[in-house]
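Here the structure comes first, spelled out in structure tokens, and everything after it is commentary.
The values are calculated or read from the model by the stated rules, or taken from the named source; none is laboratory data. This is a predicted model, so every value here is computed, not measured. Don't worry about glycine lacking a Cβ; one is built from the backbone with ideal geometry, like all the others, and counts go over all protein chains shown. The accessibility values were calculated without ligands, DNA or RNA, using every heavy atom of the protein model including side chains. Shrake-Rupley method; radii C 1.70, N 1.55, O 1.52, S 1.80 Å.
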Amino acid sequence: MHIAVIGSGYVGLVTGACFAEFGVDVICVDIDAEKIARLNKGESPIYEPGLDQLLQKNLQAGRLRFTTDIVAAVKQSLVIFIAVGTPPKPDGSADLSYVESVAVNIAEHMDSYKVVATKSTVPVGTGKRLAQIISDHQLTKTEFSVVSNPEFLREGAAIADFMRPDRVVIGSSDQQAIAIMRDLYRPLYLIETPFVITSLEGSELIKYAANAFLATKISFINEIANLCERVGADIHDVARAIGMDRRIGPKFLHAGPGFGGSCFPKDTAALSVIGRQFSSPTRIVDAVIEVNHLQRVAMIPKIEKLAGGELKGKRIGILGLAFKPETDDIRDAPALDIIRGLLDRGANVVAFDPVAADEARKLLPMIEYAANEYDAATDADALVLVTEWNQFRALDMNRLRKVMKSPRIADLRNIYTPADMREMGFEYVGVGR
Ligand code: NAD
């Protein structure tokens, strides 16, 4: 089968590379010519473990191609995935301009039956609207079907998530389109991946509901963590014990500086707007968003207190800039807000991240970037651990104590044990401990 993936970012590239690995003939399209040039050389423009090898292997096998020419890609493909961004607008709703412009492009060049599948996260009703846009812009009248096929991959584990997903969701009422999508995902069907076949609207809502639920778990545990600090309990014990209840489960119960990234903040905001548009307010989601904002804000006085009550002129080391480990994605990362908060209070910031520093430099050119974790700690009045990269889990504490001006650590991911840290001579704060 020949397919096209329009938009070669985190989702589009992983989708394209993984389908090529399944033996499908894939052409990935992007408007960013520089990105496509790099991809044609076998270089991934993003950091995602295992992606480079998968791209090179399938490029060499001739199953994966990259182009800026959407016309040829549309003409030769049976299934066309839309995987462009749906960033938040100032009111929180999803900006559909990229998705809609791709739909117009597809419509203008389709000359035979096509399945247009949205991988982009889009509000309820978008599939129907895209069908109308395509129908309005077709130059050659042909049959087509718009299908919703939301993506649930996690950056940093995206390839494994795509190859072994918990489920595949397909939203459509067109039996022919459903059969084509099932055929495309046959390798997953063979490993008994559950398929959920539902309406377009059901599928569109599933994606938002899933992300909002996960975000809810995070905001919930962050509120309980704050309560732990007041009452003298340890969130680690509380989260572990509640997670042992199988109805709750242990995942997404890690207290921290609040959720970030390119999905949870924008998808919770968009769901809230969808709820209001349909006169069915999502009060829990609204609270989740507010709690998350407050959690980020609360990290600044925590660091300030640790640094001796005053940040002006203090040197603060930051470990981790990406919104989570194993990615270079800094979109809406907690580190950005925390660093801006520290700068506002007059601190000097020096940061280190194993892969995200180049991206961060574009947004935060005013701070210093260190070559490694120990350089970031050198002469620091306090060190703040923001992203739990594996290499930060076994820091040489003796070396840190020696290079720091004052041995103080704010561990915003709770990866160290407070008693051990104090025994090693550090002033230490975590979240909820
Ligand atoms: P991204 O910004 O990494 O990639 C989008 C790509 O689309 C960019 O390379 C951009 O140049 C390209 N593009 C924009 N307009 C185009 C056009 N007209 N023609 C061709 N290419 C065009 O975004 P992403 O993180 O891959 O997210 C894409 C969508 O998938 C979003 O809706 C997002 O919510 C959803 N999603 C993301 C993740 C994730 O973890 N990143 C997970 C699940 C779903």
- Message: I'd like to check something: does the stretch 47-56 contain any residue that is open to solvent by less than 50 Å² (accessible area, probe 1.4 Å), assigned to a helix (DSSP H, G or I) and more than 15 Å from the ligand (Cβ to nearest atom)?
- Response: yes
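Among the residues of the stretch 400-433, what is the count of those that are part of a loop (DSSP other than H, G, I, E, B) and surrounded by fewer than 18 Cβ atoms within 10 Å (Cβ to Cβ)? Even if it seems obvious, please write down each step before you answer.
So in the stretch 400-433, the residues part of a loop (DSSP other than H, G, I, E, B) come out as 404-407, 412-417, 424-426, 430-433.
Okay, now just the ones that are also surrounded by fewer than 18 Cβ atoms within 10 Å (Cβ to Cβ), so 405-406, 415, 417, 424-425.
Count: 6.
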- Query: Which condition breaks for Ile316 when tested against (1) within 16 Å of the ligand (Cβ to nearest atom); (2) of a type in the set (Val, Ile, Thr); (3) crowded, with 23+ Cβ neighbours inside 10 Å?
  - Reply: (1)
- Task: For the stretch 140-151, indicate whether the set of residues that are open to solvent by less than 10 Å² (accessible area, probe 1.4 Å), touching a strand residue (DSSP E or B) at 6+ places or on another chain (Cβ under 9 Å), farther than 22 Å from Val24 by Cα and among the acidic types (Asp, Glu) is non-empty.
- Result: no
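Is the stretch 25-38 home to any residue that is of a type in the set (Asp, Glu), more than 28 Å from Gly127 (Cβ to Cβ) and within 12 Å of the ligand (Cβ to nearest atom)? Spell out the reasoning first.
Quick first cut of the stretch 25-38, residues of a type in the set (Asp, Glu) only: 25, 30, 32, 34.
Subset that is more than 28 Å from Gly127 (Cβ to Cβ): 34.
Imposing the further condition that a residue be within 12 Å of the ligand (Cβ to nearest atom) reduces the set to 34.
Checked the stretch 25-38: at least one residue is of a type in the set (Asp, Glu), more than 28 Å from Gly127 (Cβ to Cβ) and within 12 Å of the ligand (Cβ to nearest atom).
Would you mind stating whether His109 is under 23 Å from Thr142 (Cβ atoms) and touching a Ser or Thr at 6+ places or on another chain (Cβ under 7 Å)?
Numbers: under 23 Å from Thr142 (Cβ atoms): yes; touching a Ser or Thr at 6+ places or on another chain (Cβ under 7 Å): no.
When the stated conditions are applied, His109 does not pass them.
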- Checklist (1) in the same structural domain as Val386 (by TED's automatic domain parsing); (2) surrounded by 22 or more Cβ atoms within 10 Å (Cβ to Cβ) applied to Glu204, failing item: (1)
- Item | helices (runs of 4 or more DSSP H) within the stretch 90-193 that include 1 or more residues over 22 Å from Leu13 (Cα atoms) | 97-109, 126-137, 175-184, 186-190
- Which condition number in (1) over 30 Å from Glu21 (Cβ atoms); (2) assigned to a helix (DSSP H, G or I); (3) not small (Gly, Ala, Ser) is the one that Arg246 fails? (2)
- Note on the structure: Across the stretch 75-106, the tally of residues that are touching a residue at least 60 places away in the same chain (Cβ under 8 Å), away from the ligand (no atom under 11 Å from the Cβ) and either over 25 Å from Ser44 (Cβ atoms) or out of contact with any strand residue (DSSP E or B) (no Cβ under 6 Å at 6 or more places or on another chain) (or both) stands at 4
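Can you tell me which residue among Leu271, Leu214 is part of a helix (DSSP H, G or I) and free of Cβ contacts under 8 Å to residues at least 60 places away in the same chain? Don't jump to the end; show me each part of the working.
Numbers: Leu271 fails: free of Cβ contacts under 8 Å to residues at least 60 places away in the same chain.
Of Leu271, Leu214, the one residue that is part of a helix (DSSP H, G or I) and free of Cβ contacts under 8 Å to residues at least 60 places away in the same chain is Leu214.
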- Message: Condition first: acidic (Asp, Glu) and over 18 Å from the mean Cα position of the chain (by Cα). Now tell me which residues in the stretch 186-238 satisfy that.
- Response: Glu192, Glu201, Glu223, Glu229, Asp234, Asp237
- Item | Subset of the stretch 386-399 [open to solvent by 90 Å² or more (accessible area, probe 1.4 Å), under 25 Å from Glu48 (Cβ atoms) and either in contact (Cβ under 8 Å) with a residue 24 or more places away in the chain or outside the structural domain of Gly317 (by TED's automatic domain parsing) (or both)] | Asn390
- Query: In the stretch 194-209, which residues are under 12 Å from Gly127 (Cβ atoms) and assigned to a loop (DSSP other than H, G, I, E, B)?
  - Reply: Ser199
- Only residues that are within 16 Å of the ligand (Cβ to nearest atom) and either at positive phi or not in a helix (DSSP H, G or I) (or both): list them for the stretch 249-266, please. Phe252, Phe259, Gly260, Gly261, Ser262, Cys263
- When the stretch 1-24 is examined, which residues are found to be under 25 Å from Met110 (Cβ atoms), more than 12 Å from the ligand (Cβ to nearest atom) and over 19 Å from the mean Cα position of the chain (by Cα)? Met1, His2, Ile3, Phe19, Ala20, Phe22, Gly23, Val24
- Please find, among Asp286, Asp237, the residue that is loosely packed, with under 13 Cβ neighbours inside 10 Å and more than 16 Å from the ligand (Cβ to nearest atom). Asp237
